[in-house]
Amino acid sequence: MTLQIRQIKLHRLKMMLNNPFTTSFGSMQEKEFFITEAIDANGIRGFGESVAFISPWYTEETVETTHHMIKDFLIPLLRENDIQHPNDVKEVFKPVKRNNMAKAALEGAIWDLYAKSETITLSEALGGNKKEIDVGISIGIQPTIDDLLQKIDHHINQGFKRIKLKIKPGHDYEMLRQVRQHFPDTPIMADANSAYTLQDIDQLQKLDELDLMMIEQPLAHDDIVDHAKLQAAIQTPICLDESIHSLEDVQKAIELNSCRIINVKIGRVGGLSEAKQIHDLCRENTIDIWCGGMLEAGVGRAHNIALTTLPQFVLPGDTAGSSQYWEKDIIKPEVVVNDGMITVPDKPGIGFEIDDEALERFTISKETFYLC
Ligand code: OSB
Ligand code: MG
């Protein structure tokens with residue numbers, strides 16, 4: 001049966017993070033993004049969320065490129081093609097190279113619409129089985145080591161299953177050594193957001209003594225080859241984030257031994273269908289995976305939770321509770337973490353209601369596109 005998508009609405013939102021988030025590339029506190037809404041002939045509303053930032057520091061996409069792609073290329077492709085199942089969207093979008101975050105924003109709304117029209121949860125639609133998921137937390141670079149130690153202590157007490165710390169050259173070994181000294185048994189990992197090169201190999205080898213769960217994306221955002229050289233030279237497992245845009249990228253990373261762990265982000269890989277295929281491949285190859293975060297609002301958070309219910313998501317992800325990021329989220333109820341776990345919602349689709357009043361409050365512009 002064809003999904004009868006009649007309208008796509010693009011809600012452009014601006015929200016302020018509770019705390020500035022600092023990585024090797026700089027700080028952000030304001031977030032602009034789209035909530036995508038797909039509406040069918042019965043008036044059922046499916047929701048997605050775009051994850052590109054206002055500037056292209058993480059990958060090449062931005063809020064503006066997302067808008068351009070959705071409006072000028074992706075919606076026209078939805079007009080010209082029938083969608084029987086959300087898995088078809090990937091094929092329909094194939095004439096557009098990359099721009100994965102733009103694609104995922106629409107595909108996500110269509111997955112939610114599909115699950116709601118089948119009266120099943122998004123987790124069930126994807127083939128997930130967990131009733132609750134483990135969560136970790138990602139802490140940005142802090143002004144002082146004391147601030148950092150205090151934050152870590154607070155999050156350990158909240159029950160988070162692992163702590164991820166941002167590193168960059170000059171803010172790595174010594175900081176992590178002090179953290180390890182204060183928290184000898186805590187699962188800790190480090191994320192470099194591509195700030196190093198192979199010339200830093202000595203500095204990265206020193207991290208081996210700190211018993212880190214993994215080091216995430218130490219080398220260039222578009223590299224798979226140098227990471228294999230680095231992995232051969234260090235004991236700490238490498239996890240790839242920025243370098244992975246597709247199932248093919250994961251195949252190559254496995255073949256080259258570029259990493260032992262994969263961070264899957266729905267936006268980065270172009271949607272839930274691709275994310276699920278990556279999951280299946282990693283399961284066959286016993287590569288551990290986890291779901292990364294992009295400082296999402298509630299809709300994106302709900303999609304991450306549903307994906308994480310697939311069995312090979314064996315490591316805690318970055319999807320913490322709404323209140324960690326936002327004074328007020330755009331979903332009802334908000335995402336809540338209890339003792340390091342999120343209970344997977346049991347209502348159809350993403351399983352959270354849109355708080356229309358909050359959505360309205362954070363909306364800075366809105367467009368409606370008719371498909372037929
Ligand atoms: O590298 O995983 C990353 C946030 C923005 C962009 C990239 C990354 C991150 C995080 C935090 O580490 C993820 C989150 O808490 O949503
Ligand atoms: Mg990362």
Taking springs between alpha-carbon atoms closer than 10 angstrom, which of K116, K206, K103 fluctuates most in the Gaussian network model of the chain? K206
In the full protein assembly as shown, how much of M213 is accessible to a 1.4 Å probe, in Å² to the nearest 10? 50 Å²
Run the numbers for K332 and R361: contour at 0.36 nm per residue of separation, minus the present Cα-Cα distance, in nm. 9.0 nm
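Over all pairs of distinct alpha carbons, what does the Kirkwood formula give as the hydrodynamic radius of the stretch 124-343, in Å?
Values: mean 1/r = 0.0567 Å⁻¹.
After inverting the pairwise mean of 1/r, the radius is 17.6 Å.
Please go through the residue pairs K90/K229; K166/K206; K14/K131; K94/K229 and name each one whose alpha carbons sit more than 21 Å apart in this structure.
On the way: K90/K229 33 Å; K166/K206 16 Å; K14/K131 32 Å; K94/K229 32 Å.
The answer is K90/K229; K14/K131; K94/K229.
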Between the stretch 9-34 and the stretch 250-322, the alpha-carbon center distance in angstrom: 22 Å
Set Lys and Arg Cβ to +1 and Asp and Glu Cβ to -1, take the dipole of the stretch 124-343 about its Cα centre, and tell me which of L219, I163, Q203 lies farthest positive. I163
List, largest first, the extents of the alpha carbons of the chain along their principal axes, each in whole Å. 60, 41, 36
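Using Cα pairs closer than 8 Å and at least 6 residues apart in sequence, work out the relative contact order for the chain, in percent. List each step's numbers first, then the result.
Working: 810 pairs, mean separation 85.3, N = 372.
Taking the mean separation of contacting Cα pairs over the length of the chain, I get 23 percent.
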With every protein chain in place, the accessible area of K276 for a 1.4 Å probe, in Å² rounded to the nearest 10, comes to 60 Å²
Once each part is reduced to its C-alpha centroid, what is the distance from the stretch 218-235 to the stretch 116-182 in angstrom? 23 Å
Mind ranking H303, H68 by accessible surface for me, highest first, 1.4 Å probe? H68, H303
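Using the Cα centre as the reference, give the magnitude of the dipole from point charges on the C-beta atoms of the stretch 124-343 (Lys, Arg: +1; Asp, Glu: -1; all else neutral), rounded to the nearest 20 debye.
On the way: 21 positive and 34 negative charges, 84 e Å.
Roughly 400 debye for the stretch 124-343.
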Ignoring ligands and nucleic acids, R361 exposes an accessible area, probe 1.4 Å, in Å² to the nearest 10, of 140 Å²
Could you work out how far apart the two model spin labels at T343 and F25 are, taking each label as a point 7 Å from the Cα in the direction of the beta carbon, and quote it in nm? 3.7 nm
If the chain between V314 and V96 were fully stretched, how many nm would it gain, using 0.36 nm times the residue separation less the Cα-Cα distance? 75.2 nm
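When only Cα pairs under 8 Å and 6 or more residues apart are kept, what is the percent relative contact order across the stretch 22-112? Write out the running numbers ahead of the final one.
Details: 115 pairs, mean separation 32.3, N = 91.
After rounding, I find 35 percent.
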Sort D72, D202, D191 by accessible area with a 1.4 Å probe, largest first. D202, D72, D191
If R0 is 45 Å, what FRET efficiency do you get for D211 and E60 from their C-beta distance, rounded to 0.05? 0.85
Sites removed, the longest contiguous part of the chain containing no DSSP-loop GluC sites (Glu not before Pro) with at most 15 other Cβ within 10 Å is 119-326
Residue-normalised value, i.e. accessible area per residue, for the stretch 124-343 at 1.4 Å probe, in Å², stands at 38 Å²
Counting only protein heavy atoms and using a 1.4 Å probe, what share of the accessible area of the chain belongs to carbon plus sulfur, as a whole percent? 47 percent
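The values are calculated or read from the model by the stated rules, or taken from the named source; none is laboratory data. Keep in mind that what you see is a predicted model, and the values were worked out from it rather than measured. Here Cβ is always computed from backbone atoms with ideal geometry, including for glycine, and neighbour counts include all displayed protein chains. Heavy atoms of the whole protein, side chains included, go into the accessibility calculation; ligands, DNA and RNA do not. Shrake-Rupley method; radii C 1.70, N 1.55, O 1.52, S 1.80 Å.
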